[in-house]
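Here is the structure we will look at, set down as structure tokens.
Nothing in this text is a laboratory measurement; each read-out follows from the coordinates by a stated rule. This structure is a prediction, so every number in the text was calculated from the model and none was measured. Glycine gets a Cβ as well: all are built from the backbone with ideal geometry, and neighbour counts include every protein chain shown.
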Amino acid sequence: MVAAVFPGQGSQKPGMGRELFESEPHAAEVFARAGDALGFDVAALCFETDEDTLRQTENAQVALFTCGVAAFAALDREAAFGIAAGHSVGEYAALAAAGFLTVEDGARLVRRRGLLMAASGQARPGAMAAVLGLEREALEGVCQAASDVGVVVIANDNCPGQLVISGSVEGVARAGELASEAGAKRVLSLNVSGAFHSPLMTEAAAEMGAALREVEFRPGRMPVVANATAEPVTDPSAWPGLLELQMEAPVRWTESVLTMRTLGVNTFVECGAGDVLSGLLKRIDREADGLRVGDIESLASTRAVLDSR
């Protein structure tokens, strides 16, 4: 089985998606539909803005969503896929690719999500840090010990040995110190605008939940593995609650990949900007094959591989 996977915030870069936009009509259509829904030129956002502007949460999330869905559309091999998943905001691209959401509704929801998360970061300042070389159980103990000085939780379980913590500035700083003492190889502060996937997002998640419940989620053409549960979901009515929870719950990416492997996935196609998820895949399961679609060269090679099967 082949899985489509979609990256999250941090993979964005100026110029993302330009080659697909200029050469693949299906990709260009996705950019046009997202731009019409939002009332501004999403292509210009992706191609013409500088790195700092594109890094802003409300911009990065729209750009990543659009490029991810556009890459999937350019591939034009829907029948080859049996399941999908996305990392954090990438989950919205997965839902659009799978047919649970229209491109228009997905773009509007992602824009709303980005604005809410950015505003939450201003109202309740927080921090995030990557912790390398420490196992999850040990880091959970570190977070519990550091909670005396502030909120801190595991936000992303990206792959073995690469975890991300999130919470208050004080909590994350103390957890970073304790993680280093516990044997972590490195603790790296992340340049983000808030404490994503932590209890500091609770109010924003509730507002997002209200927006999600105003949108029609349709039956999908394939399951999508939810970040919050690491389980495949086919019931469209489940998604508003899962996406609300996702904003304050950890992204269980390692478990999600292992779930897909258990279900029979042997090939993962990363759709959109960069190759972060392909790199994580190598750390999670070296036996799985990783492909990607982000430009003309990778599109052609991935089409060839899928057509040969």
**Study point:** Furthest towards positive pole of dipole, Cys159, Ala79, Ser301, structure part the chain, Cβ charges
**Key:** Cys159
Check your understanding: When DSSP assigns beta bridges and you keep just the ones with both residues in the chain, what percent turn out antiparallel, to the nearest 5?
Key -> 50
Practice item. Only residues of the stretch 7-44 count here: report those whose backbone N is under 20 Å from the spot 7 Å along Cα→Cβ of Ser189, or say none. Key: 10
Review point. Using alpha-carbon pairs under 8 Å, 6+ residues apart, how would you state the relative contact order of the stretch 126-193 in percent?
Key: 47
Check your understanding: Mean residue ellipticity at 222 nm from the helices of the chain, using -39,500 (n - 2.57) per DSSP H segment of n ≥ 4 over the full residue count, to the nearest 500 deg cm²/dmol?
Key -> -15000 deg cm²/dmol
Practice item. Just add up the charged neighbours of Arg261: K/R +1, D/E -1, any other residue whose Cβ is under 10 Å from the Cβ of Arg261. Key: -2
Check your understanding: Taking the Cα atoms only, what angle lies between the long axis of helix 25-38 and the longest principal axis of the chain, rounded to 10 degrees?
Key -> 60
Revision key, fill the gap. Checking the stretch 9-87 for chymotrypsin sites (Phe, Trp or Tyr not before Pro) in a loop per DSSP with at most 16 other beta-carbon atoms within 10 Å yields Phe40
Review point. What is the Cα coordinate range of the chain on the first, second and third principal axes, sorted by size from largest, in whole angstrom?
Key: 54, 43, 38
Revision key, fill the gap. Subtracting the Cα-Cα distance of Asn266 and Val149 from 0.36 nm times their residue separation yields 37.7 nm
Check your understanding: Zone of Asp36 (label point 7 Å along Cα→Cβ, backbone N under 13 Å): which residues in the stretch 85-115?
Key -> 103-105
**Study point:** Estimated FRET transfer efficiency when R0 is 30 angstrom, pair Ala211-Glu140 (beta carbons, to 0.05)
**Key:** 0.45
Study note, to complete from the structure: With the charge dipole of the chain built from beta-carbon charges (+1 for Lys and Arg, -1 for Asp and Glu) about the Cα centre, the Cα from Gly114, Thr66, Gly133 projecting farthest to the positive end belongs to Gly133
Review point. Using alpha-carbon pairs under 8 Å, 6+ residues apart, how would you state the relative contact order of the chain in percent?
Key: 23
Review point. Which whole number of Å³ per residue matches the convex hull of the alpha-carbon atoms in the stretch 157-244?
Key: 121
Exercise for review: Work out how far the C-alpha atoms of the stretch 61-179 reach from end to end along every principal axis, then list the three figures in whole Å, largest first.
Suggested key: 49, 33, 18
Review point. Using a simple charge model, +1 on the beta-carbon of Lys and Arg, -1 on the beta-carbon of Asp and Glu, nothing else, what dipole does the stretch 1-108 show about its Cα centre, in debye to the nearest 20?
Key: 300
Check your understanding: How much length, in nm to one decimal, is gained on full extension between Ala238 and Asp52, taken as 0.36 nm per residue of separation minus their Cα-Cα distance?
Key -> 63.4 nm
Study note, to complete from the structure: Kirkwood radius from Cα pairs of the stretch 126-193 plugged into Stokes-Einstein at 10 °C, 1.306 mPa s, gives D in µm²/s equal to 143
Point to revise | Backbone N under 20 Å from the Ser301 label point (7 Å along Cα→Cβ), restricted to the stretch 63-85 | key: 68, 71-77
